[in-house]
């Protein structure tokens, strides 16, 4: 999508779903790569990892790895990995690598030249893998890649060895992705995805399966959307989904073996997305069958728009977690008696501290899960204070970019290409709003879509989330000098979002009518906003905000009291006076 190579940092790998039995003994890998060597690192790094599950019999899997300036073709049977070709290679330069198996015999081509031929595999069958860049244990590739493709090679047709790039769309191509064009290939055709759905996840295997099942229930053409799981180093069964579950839509699994954060994982998903519309959806959110259609139609009918559904969210308990806080445990016990799976044994399991599955794929398929949902309090608050006043288009609202919440939001791929990827902030929060702010500055409109009501599967909440969000807002604050962004820091003083809007609106009236008389106030506002940011970062009390000997506090308060006489300026003047007194 970004017309640039994808960078493997020695930590992540990508897997696609396919049936390895459809291609055995005769196939071709084709990759354009820039292998790079890490300093003082002689460990093997897999370009193609020989990983295929659920194959019985004497089947081996072919792969490609780099080690000590050598390219190796390997064959893996069960836990045994055998090198069948090893040849020297220059790293740190772009090369086209082609590995062809014909009648189980491997041949390697580098930049269209035959460089090595191996012996016929000793296994009954040899099959390819669609796990590239490494695996869950170790051996992740370090370098860049422009494209990767897997072909089915008809037996005894040696002319396919020199197939050129202009023959990409061919009945023999099984799967492929070109990072320079964003084009995907599958089953002999170029896949023209209309929508890419990116699901970041971490240790939410059960919830993710229900979300995937809800995406399986979509009315939208399954050939027109792809789902990309971006797994931030889960240690549960998440990695098994790609091999153990079949879906009718195209599924891609991207994993970082180390926890690198939600924003970083979303960026990996974006760089692997082929859809015209990108939907960001939390892995634990179950959606209704018209979910993809509504997102897609919104962009088809409007230009430069962000379709938002995170503020029409409902809550749903699909799993009992013993790590729920007391408020969650109290709530779930009130709801549990209405569940179809509720029995005395269920209650006993909960009381014993076990994790208990409360809803299944059946309830997702027949949509009955909706009967067990509940209203999220913040949804009512935003409806009453924002949408009832400004409408779902937020006309006149100064902070519409707040709607860019990646739990349920979509934007055209070209928009992200225009403004750039997510800022990869540590911890939780504000990477999504920051990207929304960049879109806002480029003229994108934000629409709260009531039809996109979805169902958040409740889960234990990290105690560090609130402080992470504060730190990340300060990072955003320091990135942008404009008051329209910076004044939002007043929200962290306990001022509601609608009132921060009112204060800023009033401040604009002050600038247009009174700033020539009270010349020092804009600069003083800037200083106090900056001081609040420093105190938030240091986790200090938000008091003594006017800490400068160059300002006469009494005179400033007097000026602000004079300004309170003017209705259009009063909200700013009154609140600024109170802040100075803190």
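The values are calculated or read from the model by the stated rules, or taken from the named source; none is laboratory data. Worth saying up front: this structure is predicted, and the values here are computed from it rather than measured. A quick note on method: Cβ atoms are made from the backbone with ideal geometry, for glycine too, and the neighbour counts reach across all protein chains shown.
Here are some notes:
- Of all residues in segment 552-561, exactly one satisfies the criterion of being in contact with a helix residue (DSSP H, G or I) (Cβ under 8 Å, 6 or more places away or on another chain), more than 11 Å from residue 580 (Cα to Cα) and surrounded by fewer than 15 Cβ atoms within 10 Å (Cβ to Cβ), namely 561.
- If you go through segment 51-93 and keep only what is touching a helix residue (DSSP H, G or I) at 6+ places or on another chain (Cβ under 9 Å) and either at pLDDT 95 or above or not in a strand (DSSP E or B) (or both), you end up with 51, 52, 53, 54, 55.
- Residue 203 meets all of the listed conditions (1) over 30 Å from residue 459 (Cα atoms); (2) at pLDDT 85 or above; (3) in a loop (DSSP other than H, G, I, E, B) but one, namely (1).
- Residues within segment 528-551 that are surrounded by fewer than 16 Cβ atoms within 10 Å (Cβ to Cβ) and either in a helix (DSSP H, G or I) or under 36 Å from the mean Cα position of the chain (by Cα) (or both), tallied: 8
- Residue 48 being within 22 Å of residue 150 (Cα to Cα), in contact with a helix residue (DSSP H, G or I) (Cβ under 6 Å, 6 or more places away or on another chain) and crowded, with 21+ Cβ neighbours inside 10 Å: no
- Residue satisfying condition, being modelled with pLDDT under 85 and either outside any strand (DSSP E or B) or crowded, with 16+ Cβ neighbours inside 10 Å (or both), within set 149, 144, 137: 137
- Looking across 338, 348, one residue alone is loosely packed, with under 13 Cβ neighbours inside 10 Å, out of contact with any strand residue (DSSP E or B) (no Cβ under 7 Å at 6 or more places or on another chain) and in a helix (DSSP H, G or I). It is 348.
- Entry remark, segment 351-388: residues being crowded, with 17+ Cβ neighbours inside 10 Å and over 26 Å from the mean Cα position of the chain (by Cα) number 6 in total.
- If the condition is being farther than 15 Å from residue 198 by Cβ and part of a loop (DSSP other than H, G, I, E, B), then segment 228-256 contributes 233, 234, 235, 236, 237, 245, 246, 247, 248.
- Count of residues meeting criterion [in a loop (DSSP other than H, G, I, E, B) and in contact (Cβ under 8 Å) with a residue 12 or more places away in the chain] in segment 483-517: 3
- Of all residues in segment 195-210, those that are under 19 Å from residue 259 (Cα atoms) have Cβ atoms under 6 Å from Cβ atoms of residues that are surrounded by fewer than 19 Cβ atoms within 10 Å (Cβ to Cβ), 6 or more apart or on another chain, in 203/236; 205/236; 205/237.
- Single residue of segment 298-321 satisfying the filter (in contact with a strand residue (DSSP E or B) (Cβ under 9 Å, 6 or more places away or on another chain) and free of Cβ contacts under 8 Å to residues at least 60 places away in the same chain) that is surrounded by the most Cβ atoms within 10 Å (Cβ to Cβ): 320
- Qualifying residues in segment 1-15 (those that are surrounded by 24 or more Cβ atoms within 10 Å (Cβ to Cβ) and either touching a helix residue (DSSP H, G or I) at 6+ places or on another chain (Cβ under 8 Å) or modelled with pLDDT under 85 (or both)) - the one farthest from residue 143 (Cα to Cα): 15
- Segment 458-472, residues that are more than 19 Å from the chain's Cα centre (by Cα) and part of a helix (DSSP H, G or I): 466, 467, 470, 471
- Taken together, the residues in segment 420-457 that are under 19 Å from the mean Cα position of the chain (by Cα) and in a loop (DSSP other than H, G, I, E, B) amount to 12.
- Cβ-Cβ contacts under 8 Å between residues 6 or more apart (or on different chains), taken from a first residue in segment 87-98 that is assigned by TED's automatic domain parsing to the domain that holds residue 68 to a second residue that is surrounded by 15 or more Cβ atoms within 10 Å (Cβ to Cβ) and not in a strand (DSSP E or B), are listed as 91/36; 91/37; 92/36; 92/37; 95/89; 98/161.
- Among the residues making up segment 468-503, those that are at negative phi and surrounded by fewer than 15 Cβ atoms within 10 Å (Cβ to Cβ) are 478, 479, 480, 481, 482, 496.
- Any hit, segment 253-268, residues being surrounded by 22 or more Cβ atoms within 10 Å (Cβ to Cβ) and over 23 Å from residue 147 (Cα atoms): yes
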